[in-house]
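Written out below as structure tokens is the structure these notes cover.
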Amino acid sequence: MIKLAGDLSSGDHVCAIPDSDEHLSELSARFVAGGLRRDEKIFFYDDAGAADAMLRRMYEDGAPVEEPLRTGQLEIIPEEYTRAAFRTPIGALAESVAGTVWDAVDHGYAGARLTGQMHSSVEPGTSATLPEFDGALDSVLGRSPLTALCTYDHGHYTDEQIEIMRALHRDHLALTGAYDDGLMRIVRIDATSARLAGEIDHSNRPKIASLLQSSLDSALRSADASTDIELDMASVRFIDVATAVSFVHAAEMFPASHSLVLNRVRPRVQRILDRCGAPFAPQLRFSDRAPSGTL
Amino acid sequence: MRVNEAPAPRFTHGLVAHDGPADFAGRVAPLAAAALDRGEQVTLAVSPATEELLRARLDDGQVTSLTALAPAARASGQTVAAWRARELRALCSAGRDVFVVAEHDAALDGPDGSYWTELEAALNISLGGLPVTQICGYPQIPLHHVVGDAALINHPLLLHGGDLMHNPEHRSPAQVMANLPVAPPELLGPPDVFLRYNTFELSRVRDAVEDAVRGSELERTRGEDLVLAVNEIATNAVEHGSSQAELFLWAGADELVCELHDEGRLEQPLIGLAPPHPSQARGRGTWIARQLCDALHVWRDSGGTHVRLLARA
């Protein structure tokens, strides 16, 4: 069954195959933020910097981070504990996870969520196979108020492992219609707005020109469409000079009735835009708010 | 790589071939005094001896000096020209024209004197759009004949008597540099990082520089600026040079040096010296890279095109 990320509830055990690191942190951050909203305790199993990437994306999404970390509602399981968990006999591991879920409930949480970077489960020295670990998790889900998101990224799992785990999971996260080249990710929010993530350089710059062109086309062809073409830049970490110039020139080429609005631009990216004439382009505006309907 | 053309000339560039500091100061001082009378700013880039002579002849309180560059930057004529343009652009922004007195310094002749050919040609590009008059003093008989030749072909005006006259020997920067090999910078030891990359691997270049910045004393924004500068040059290398290019990186605690090498043939190496017009879609990357580094030196040889960037904490 295809599940929407925002609709997951207790007992759900969904699988997702992210297109890229940006996609992985996007999925993880939304899953964690959804649990926080439901007043659930979150266990994030860290490895290979995954927690930092997830927390960074939560900041960029405007989700609460400091408070749930301070209160313990969001618990990052350190890399060494994550790795040790998969060397623990599988029965004891399942009992331990179930125990922590019920502990969370005893502390007043509505339930618990579990996700993270668990590729150490396929490394030598583990106590079971990947399907066995997944089966044990399923058994915990059946007897405790837990929600789990299992992610299998191409950087840490083989194609064969991914296909096996895809087949073993009954529920999958719905895929968003996104462009993702591993360096930059574009998720359309609606006809005239999109969220960008990652880095834009000479290799993927033409995609931005296409995006701006198609968004402007949609805006012009629909009487009800917004006259602002909005790009949420909160997760854009780098743009090159030619990209900055293309934003400025695109805005200057818009009809006088329309504007290009860049939302939540990071200071590093803003400096590049400023050097390329952005402050002098009246139809290029900047805003600190997220576009409506942003992911 | 793209060549930035000089904008409409406003820069006045004159040569004084002199018999020594006293002769030079005596001949250029009346021009500087006239500039002060016209309300222009007068600034100096000369030896201490010449400066003392000039200040004695002019209203000392109205004369300033240009910033002396660090040795690594000073050794690259094109870097000096870029920095000189930046400083003079800031001075011109006050709304007053600027009169500069500059002077040959034999310490920068290098093995063959070609430094001066590069510097003067680069100044003709970088100062091309600025309301600046620069009078350069060169010895009548320099140690290297190249120095005298360079002075003659790079200055459109010559001081004869008290007047600046047209110089029929003057050539444009493109003509001057057409067949001149720009000297490579001094050789460094084995690099700390080497990688070959293509268009789709520019992020690996940025990651390598980011890692080096993290391990250095460069402050955060300076480090981010260096990453951008290297990215722009690296992009040029694979876009205009060859499908594969190379990054060499030397990481010191207080200084990072990056070199990009490609196999392309650059028509002339004095790129990114003139500010691009706002409507110009491309050709801005090298100009911005020059603004962001302490030194950026482009040279070419039979192996291709090479660029060295340097940033100091």
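Observations, loosely collected:
- Looking only at residues of the stretch A:227-280 that are within 14 Å of chain B (Cβ to nearest Cβ), β-branched (Val, Ile, Thr) and part of a strand (DSSP E or B), we find that the one that is surrounded by the most Cβ atoms within 10 Å (Cβ to Cβ) is A:ILE239.
- Counting residues in the stretch B:229-239 that are more than 12 Å from chain A (Cβ to nearest Cβ) and in contact with a strand residue (DSSP E or B) (Cβ under 6 Å, 6 or more places away or on another chain) gives zero.
- Helices (runs of 4 or more DSSP H) contained entirely in the stretch A:49-97, each with at least 2 residues that are closer than 22 Å to A:PRO145 by Cα: A:66-71, A:79-85
- Taken over the stretch A:174-223, residues that are aliphatic (A, V, I, L, M), over 17 Å from A:ALA242 (Cα atoms), in contact (Cβ under 8 Å) with a residue 60 or more places away in the chain and assigned to a strand (DSSP E or B) amount to 4.
- Residue that is basic (Lys, Arg), within 22 Å of A:LEU130 (Cα to Cα) and either at pLDDT below 95 or in the same structural domain as A:HIS154 (by TED's automatic domain parsing) (or both), where the choices are A:ARG30, A:ARG70, A:ARG87: A:ARG87
- Subset of the stretch A:244-295 [more than 21 Å from A:GLU60 (Cα to Cα) and polar (S, T, N, Q)]: A:SER246, A:SER257, A:SER259, A:GLN283
- Identity of the residue in the stretch B:263-275, in contact with a helix residue (DSSP H, G or I) (Cβ under 7 Å, 6 or more places away or on another chain) and over 23 Å from B:ALA73 (Cα atoms), that ends up surrounded by the most Cβ atoms within 10 Å (Cβ to Cβ): B:GLY264
- Test: residue in the stretch B:23-42 that is without any contact (Cβ under 8 Å) to a residue 60 or more places away in the chain, in contact with a Leu (Cβ under 7 Å, 6 or more places away or on another chain), assigned to a loop (DSSP other than H, G, I, E, B) and surrounded by 15 or more Cβ atoms within 10 Å (Cβ to Cβ): no
- Inspection of the stretch A:131-146 finds a residue satisfying the criterion of being touching a residue at least 60 places away in the same chain (Cβ under 8 Å), surrounded by 20 or more Cβ atoms within 10 Å (Cβ to Cβ) and in a strand (DSSP E or B).
- Lone qualifier among B:LEU187, B:LEU127, B:LEU218 - being surrounded by 22 or more Cβ atoms within 10 Å (Cβ to Cβ) and either more than 14 Å from chain A (Cβ to nearest Cβ) or in contact with a strand residue (DSSP E or B) (Cβ under 8 Å, 6 or more places away or on another chain) (or both): B:LEU127
- Unmet criterion (only one of (1) under 20 Å from B:THR43 (Cα atoms); (2) out of contact with any strand residue (DSSP E or B) (no Cβ under 6 Å at 6 or more places or on another chain)) for B:THR79: (2)
- Tally, over the stretch B:211-250, of residues that are among the charged types (D, E, K, R) and touching a helix residue (DSSP H, G or I) at 6+ places or on another chain (Cβ under 6 Å): 3
- If you go through the stretch A:27-48 and pick out every residue that is part of a loop (DSSP other than H, G, I, E, B) and touching a helix residue (DSSP H, G or I) at 6+ places or on another chain (Cβ under 9 Å), you end up with 4.
- Residue pairs meeting the criteria (Cβ under 9 Å; at least 6 apart or on separate chains; first under 30 Å from B:GLU52 (Cβ atoms) and assigned by TED's automatic domain parsing to the domain that holds B:THR133, in the stretch B:1-22; second among the basic types (Lys, Arg) and at pLDDT 95 or above): B:VAL16/B:ARG27; B:HIS18/B:ARG27
- Residues of the stretch A:98-122 satisfying the condition of being of a type outside the set (Val, Ile, Thr) and either free of Cβ contacts under 8 Å to residues at least 12 places away in the same chain or in a helix (DSSP H, G or I) (or both): A:ALA98, A:GLY99, A:TRP102, A:ASP103, A:ALA104, A:ASP106, A:GLY108, A:HIS119, A:SER120, A:SER121
- Residue within the stretch A:150-163 that is modelled with pLDDT of 95 or more, under 19 Å from A:GLY35 (Cα atoms) and in the same structural domain as A:ALA16 (by TED's automatic domain parsing) present: yes
- Elements of the type strands (runs of 3 or more DSSP E) sitting completely within the stretch B:211-313 and holding at least 3 residues that are more than 19 Å from the chain's Cα centre (by Cα): these cover B:245-251, B:255-262.
- Some residue of the stretch B:243-259 being in contact with a His (Cβ under 7 Å, 6 or more places away or on another chain), surrounded by fewer than 17 Cβ atoms within 10 Å (Cβ to Cβ) and hydrophobic (A, V, I, L, M, F, W, C): no
- Residue within the stretch A:9-31 that is of a type in the set (Val, Ile, Thr), surrounded by 15 or more Cβ atoms within 10 Å (Cβ to Cβ) and under 18 Å from A:MET165 (Cβ atoms) present: yes
- Scanning the stretch B:43-58 for residues that are in contact (Cβ under 8 Å) with a residue 24 or more places away in the chain and not aliphatic (A, V, I, L, M) yields B:THR43, B:SER47, B:THR50, B:ARG57.
The values are calculated or read from the model by the stated rules, or taken from the named source; none is laboratory data. Model, not experiment: these values are computed from the prediction. Glycine also receives a Cβ, built like all others from the backbone with ideal geometry; neighbour counts cover every protein chain displayed.
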